Structures are given as structure tokens and as C-alpha cells.
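Structure, as C-alpha cells:
Coordinate-derived values only; no laboratory data. Owing to the predicted nature of the structure, the values given are computational and were not obtained by experimental measurement. FYI the Cβ positions are ideal-geometry reconstructions off the backbone, even for glycines, and counts take in every protein chain you see.
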Amino acid sequence: MRSQSDNAKQVASNFIGSFNDQDHAKLADTLNYPHIRPAMRKFYTTESAEEFIQHSQKAEIKLIAEGWDH
């Protein structure tokens with residue numbers, strides 16, 4: 001049986017791997033919904049995985065424009 005700590009580490013690893021791969025669906029699966037995150041001095045709420053995927057796909061375009069790759 002895996003500990004809660006091991007489960008948390010696996011989710012974090014899945015998040016990082018999915019982000020680096022820009023696999024938007026797998027990335028969305030690592031989060032709970034509604035998902036609330038702080039950014040630029042505000043809190044943003046994403047209600048569903050589908051909404052997150054749409055935002056993530058748009059963000060990928062910006063990452064590419066910045067020259068990001070991994």
C-alpha cells in the first residue's frame with residue numbers, strides 16, 4: 001500500500017511530466033476541480049478539466065512564442 005506522501009509525489013511527477021510534454025489532458029487529470037490558483041496578484045478559478053485544457057492549449061502558444069521547450 002502506498003502512503004499519502006508517495007501518492008502526492010506521484011501526482012507532482014505526473015504534473016511536471018505532462019507539462020513538459022504539453023499533454024493537456026493528462027495535465028488536467030493531475031488537478032482537482034474547481035481548481036484555484038494564484039497568478040499576478042489574483043486568484044483564478046477553473047471549473048472543469050475541459051476548461052483547463054482550453055486554457056492550457058492557449059498557454060502553449062504563448063510558451064512557444066517565448067521560445068520555451070523541454
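With each label modelled as a point 7 angstrom along the Cα→C-beta vector, the K26-Q10 pair spans 1.5 nm. For the chain, the longest piece that avoids every one of the trypsin sites (Lys or Arg not before Pro) found in DSSP loops with at most 14 other C-beta atoms within 10 Å covers 3-40. The candidate values are (i) 22, 16, 11; (ii) 16, 13, 11; (iii) 30, 10, 8; the one derived from this structure for semi-axes √(5λ) of the Cα gyration tensor in Å carries the label (i). Between E51 and L63, the simple spin-label model (points 7 angstrom out along Cα→Cβ) gives 2.1 nm.
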